[in-house]
Each structure stands twice: as C-alpha cells, then as structure tokens.
Amino acid sequence: MYVGSLAERPVGVLQGGGLSSTALGIWLAEQGIDAHHLIADIGQAPPAELEAIVAAWRAQGVPAALVDLRAPMAALALDLVRYQARHDGGYWNTTGAARLVLVEHLAPRLVAEGRTVLAHGCVGGGNDQRRFARYTARLAPGLDVYAPWTDPAALRRFPGREAMLDAVQAAGLPLDEGSGADWSTDASLAGASHESAALEDLGVPVDARTLRPRWSRWPADAPDDPHTVTVTVAEGRITDIDGSGPDPVAILRRAGELGARHGVWLRDVVERRIIGTVCRGVYEAPALEVLGAAWRRVLQTSLDQPSRALYEQLSGTLGAAVYEAWYADPAAVSARTALDALLERASATVTLTLHRGTARPTAVDVTASGALQQTRFGTGGNRWREPLAVAV
C-alpha cells in the first residue's frame, strides 16, 4: 500500500513515540493525510512522558489520544510466564506480545472511529511488519495496513534513521528515551528489546559499553546482599509477589522493580528471524525473569511426568505463536485451553533469592496443592510420605 492510495482515506496511526513511528507521523502530515494518532500506554514509560507526546502532536495540529492498555499488556505478560511461551534461546518475546495487544485493543477503536487504514512505523520487511499485518487481518479484517518503510516515496523522504532524527528534531517533537539514530528500544511492562548498530555485530560483546539498560542494573552494580522474595501461585495463576496483591499490573511492576534492582534481566541470544536472517536479540525482562524462575519450580511440584511432557510441547507451540504472530489463531487458542486444564491445580508459594543477576528458588510450600512430599528420612527411613495410614 502506497501513500497515493491514502489521499481520501482516514488513517489511524499507532504512535509510540519511537523514531520511526514519529517520522511516520511527520510524513503523513507532510502529505496532507487525515491521520489520528493513538498513543498506547503499555507501561513503556511514565504516563507524564506519554501525555507529553500526545500534547506535542496536538500542538502540531494533529489529533492524538492516549489509550491506557497496561492491564491487557500485564495480563498477556503473565500468560507468557504461565505458559512458558519463550522463543529461540529461551527469551521472552515481549515485542511480539505487545503487537498483539496493540492490534487487539486499538484496531476496534479505529474501526469505531471510521478509520479504514491502520498505519505503523515498523521497519519494512521485518518481523513487526508481518505481526501487524497478520493480527490486523485476523482481528480487524476490514482495516488495510500502511507500512511506510515499504513505500518508495516514504523511503525517498526518509532513506535512513539519520534523516528521521533530523526531521523529528526540526519539528520539535519528543522522542522515547530508547530511540536514536543508531539504537532502538521497544518497551512495555513485560520488558524491552534492544537494537543498535553495535549489537548487530555478533562479535561485539553485550556490556556497559554497548548497551544501556532501560530500567535495570548490571549484576556487578546490584546490591551486595541477597534479597528474599515470595511468589504465590493459586490454581494456576500468579496472585502475588512480595505483597503486590493480585492485580496483574501491580505484579508486573513489583517483579520488574525487584529484577531490575538485583540485575536479573538480561537475555543475549542469537535468534532466527521470520525473514530468514540470523541476528542477535538482546532482551531486558526483569519481571518475567523473576516470575519465570518461580513458575518453573511450581511446575516441578504440580505436574506429573506425562503432563509435564505435554506442557513442554505446548509451551514451544505458544512461544512460536507469539513470535510468528499466530497467538490468536485456532492452534494457539487450543494449546492455551489445554494448558489451562493442566494447570488448574497448580498452587504453591515459592521463595526466591535474588542476587546479582540470579533468581534462585530456595524453598517451596505446596500445602495448597495437596502434593505428596517424600518424608522417608524424616520419618525414620521406612516411610516414603506422610500422611500414612497405619493398621491397628
């Protein structure tokens, strides 16, 4: 889809404040396109920063609105933990999850407003372009999708990120703190992905010289003293961490604060992308790394061996579904339904020790699940578990 076909069509822009999506807004304004910008709050920045982005677009004469999507983003993030829906190299694909949240909750709003085109600023030909296309086709089939960096006219105007940055600065528009000419960060409550010219080189180490974490401390800079935290799981769902209470946003916030403070956050993987390239993926997900460590201990105490084998198979299916953007398709929905059934009785309280980049389970209370714990040595060496019926 090219810009010439947008002249008489109302466009909805998914605007996050990153460099390429801000450049998209400038490009549409320059072409006189009727565009309404929706800025989604998925926990990527403080609300005041997102409100500043809205105000800046309105000051340019462009309609803009802030939409709070923190609750669905947190709910999906906890499902990633619940289903262990990780991808190549074992990382949490928080970017792929965020694309689903954006389309699922913003596309219906665009349709209700009479918008007929959804526009996003993701790189042409990349994973995210495919994710927006797939989810829009499934969840809002009446919307067309405009991906500007596949449009020759847009590419002539913005041949690279340097030209985008010049235009954004000239317009006086604010940028997300994770965006620049040579680096990009895509963030949400669930975590952040980091990309840059340096990180693309697989021979370059990921360290303080090549990566600035969005929220987290490097393990060497974390506190000397270990920190003990408890995670509560009831009937297959995380209901509390360190006194957070059951609200998913509060759980993600608290887990993220703890992981970031204690250096539990980094995944540096070499991934195989949808488009066929091999590249480095650098992921900062302190909340999911902490919660994931507790969840794996819950699985060990809650599932028998055949159930655990099926769980692992379906987890891999869902990890691919999040990455490849078919999480809303029947196969993924069926996998989630099956996992929900397996996890109905999964209940435990896990104690974790967080210390300089590690989250180590140190104790687990399975009283709530009714699991039978071995008590052979604690009962004299001749009884395997308690309670034990004794004939009289």
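Identify the single condition in (1) in contact with a Phe, Trp or Tyr (Cβ under 8 Å, 6 or more places away or on another chain); (2) surrounded by fewer than 22 Cβ atoms within 10 Å (Cβ to Cβ); (3) farther than 25 Å from VAL270 by Cα that VAL103 does not satisfy, given that it satisfies every other one.
Answer for VAL103: the failing condition is (2).
Any residue in region 302-323 that is free of Cβ contacts under 8 Å to residues at least 40 places away in the same chain sitting within a Cβ distance under 9 Å of a residue that is surrounded by 14 or more Cβ atoms within 10 Å (Cβ to Cβ) and of a type in the set (Lys, Arg)? List the pairs, counting only those 6 or more apart or interchain.
GLY316/ARG86
Considering region 34-51 alone, what residues qualify as being surrounded by fewer than 22 Cβ atoms within 10 Å (Cβ to Cβ) and in a loop (DSSP other than H, G, I, E, B)?
ASP34, ALA45, PRO46
Among what's in region 151-162 and is assigned to a helix (DSSP H, G or I) and in contact (Cβ under 8 Å) with a residue 60 or more places away in the chain, pick the residue that is surrounded by the fewest Cβ atoms within 10 Å (Cβ to Cβ). Give the steps one after another, and end with the answer.
Step one: list which residues in region 151-162 are assigned to a helix (DSSP H, G or I), which gives 152-157, 161-162.
This time we only want the ones that are in contact (Cβ under 8 Å) with a residue 60 or more places away in the chain, so: 152-154, 157, 161.
On the way: PRO152: 9, ALA153: 12, ALA154: 23, ARG157: 18, ARG161: 19.
Among residues in region 151-162 that are assigned to a helix (DSSP H, G or I) and in contact (Cβ under 8 Å) with a residue 60 or more places away in the chain, the one surrounded by the fewest Cβ atoms within 10 Å (Cβ to Cβ) is PRO152.
Need pairs with beta-carbon distance below 7 Å; first residue modelled with pLDDT of 95 or more and within region 352-363, second of a type in the set (Lys, Arg); sequence gap 6+ or separate chains.
LEU352/ARG360; THR353/ARG360; PRO361/ARG297
Residues to consider are ARG360, ARG356; find the one that is charged (D, E, K, R), in contact with a strand residue (DSSP E or B) (Cβ under 9 Å, 6 or more places away or on another chain) and under 29 Å from ALA222 (Cβ atoms). Let's see the steps before the verdict.
Details: ARG356 fails: in contact with a strand residue (DSSP E or B) (Cβ under 9 Å, 6 or more places away or on another chain).
Just a single option satisfies the conditions, and that option is ARG360.
Of everything in region 116-142 that's under 18 Å from ILE33 (Cβ atoms) and over 24 Å from the mean Cα position of the chain (by Cα), which residue is surrounded by the fewest Cβ atoms within 10 Å (Cβ to Cβ)?
That would be THR116.
What number of residues within region 168-184 satisfy the criterion of being surrounded by 14 or more Cβ atoms within 10 Å (Cβ to Cβ) and either part of a strand (DSSP E or B) or free of Cβ contacts under 8 Å to residues at least 24 places away in the same chain (or both)? Don't jump to the end; show me each part of the working.
If we filter region 168-184 for residues that are surrounded by 14 or more Cβ atoms within 10 Å (Cβ to Cβ), which is where we start, we get 168, 171, 173-181, 183-184.
Remaining after also requiring either part of a strand (DSSP E or B) or free of Cβ contacts under 8 Å to residues at least 24 places away in the same chain (or both): 179, 183-184.
So the count comes out to 3.
Return the total of residues in region 1-13 being assigned to a loop (DSSP other than H, G, I, E, B), touching a residue at least 40 places away in the same chain (Cβ under 8 Å) and more than 26 Å from LEU50 (Cβ to Cβ). Give the derivation first.
Just the residues of region 1-13 that are assigned to a loop (DSSP other than H, G, I, E, B), to begin with: 1-2, 7-10.
From what is left, the residues that are touching a residue at least 40 places away in the same chain (Cβ under 8 Å) are 1-2, 9-10.
Filter again for more than 26 Å from LEU50 (Cβ to Cβ), leaving 1-2, 9.
Going through region 1-13 one residue at a time, the tally reaches 3.
On the given criteria, is GLN84 under 18 Å from the mean Cα position of the chain (by Cα), touching a residue at least 12 places away in the same chain (Cβ under 8 Å) and either crowded, with 24+ Cβ neighbours inside 10 Å or in a helix (DSSP H, G or I) (or both)?
Working: under 18 Å from the mean Cα position of the chain (by Cα): yes; touching a residue at least 12 places away in the same chain (Cβ under 8 Å): yes; either crowded, with 24+ Cβ neighbours inside 10 Å or in a helix (DSSP H, G or I) (or both): no.
It is false that GLN84 is under 18 Å from the mean Cα position of the chain (by Cα), touching a residue at least 12 places away in the same chain (Cβ under 8 Å) and either crowded, with 24+ Cβ neighbours inside 10 Å or in a helix (DSSP H, G or I) (or both).
Being in contact with an Asp or Glu (Cβ under 9 Å, 6 or more places away or on another chain), at pLDDT 95 or above and assigned to a strand (DSSP E or B), is that true of even one residue in region 326-333?
Checked against the condition, which is being in contact with an Asp or Glu (Cβ under 9 Å, 6 or more places away or on another chain), at pLDDT 95 or above and assigned to a strand (DSSP E or B), region 326-333 yields no hits at all.
Would you confirm whether or not region 383-391 contains a residue that is over 19 Å from GLU235 (Cβ atoms), under 21 Å from the mean Cα position of the chain (by Cα), charged (D, E, K, R) and at pLDDT below 95?
First pass over region 383-391, keeping only residues over 19 Å from GLU235 (Cβ atoms): 383-391.
Pick out the ones that are also under 21 Å from the mean Cα position of the chain (by Cα) and you get none.
No, region 383-391 has no match at all.
Can you give me the ranges of the strands (runs of 3 or more DSSP E) entirely in region 193-293 with at least 3 residues that are surrounded by fewer than 17 Cβ atoms within 10 Å (Cβ to Cβ)?
Values: elements: 227-234, 237-241, 266-272, 278-284.
Here the list reads 227-234, 266-272.
Look at region 57-79 and say how many of its residues are closer than 14 Å to GLY43 by Cβ and in contact with a Phe, Trp or Tyr (Cβ under 9 Å, 6 or more places away or on another chain).
Step one: list which residues in region 57-79 are closer than 14 Å to GLY43 by Cβ, which gives 66-78.
Restricting the remaining residues to those that are in contact with a Phe, Trp or Tyr (Cβ under 9 Å, 6 or more places away or on another chain) gives 76-77.
Counting residues in region 57-79 that are closer than 14 Å to GLY43 by Cβ and in contact with a Phe, Trp or Tyr (Cβ under 9 Å, 6 or more places away or on another chain) gives 2.
Test each condition in (1) closer than 30 Å to ARG130 by Cβ; (2) surrounded by fewer than 24 Cβ atoms within 10 Å (Cβ to Cβ); (3) modelled with pLDDT of 95 or more for PRO306 and report the one that comes out false.
The failed condition is (1).
Has region 14-33 got any residue that is within 15 Å of ALA107 (Cα to Cα), part of a strand (DSSP E or B) and touching a Lys or Arg at 6+ places or on another chain (Cβ under 7 Å)?
no
The values are calculated or read from the model by the stated rules, or taken from the named source; none is laboratory data. Nothing here was measured: the structure is a model prediction, and the numbers come from that model. A quick note on method: Cβ atoms are made from the backbone with ideal geometry, for glycine too, and the neighbour counts reach across all protein chains shown.
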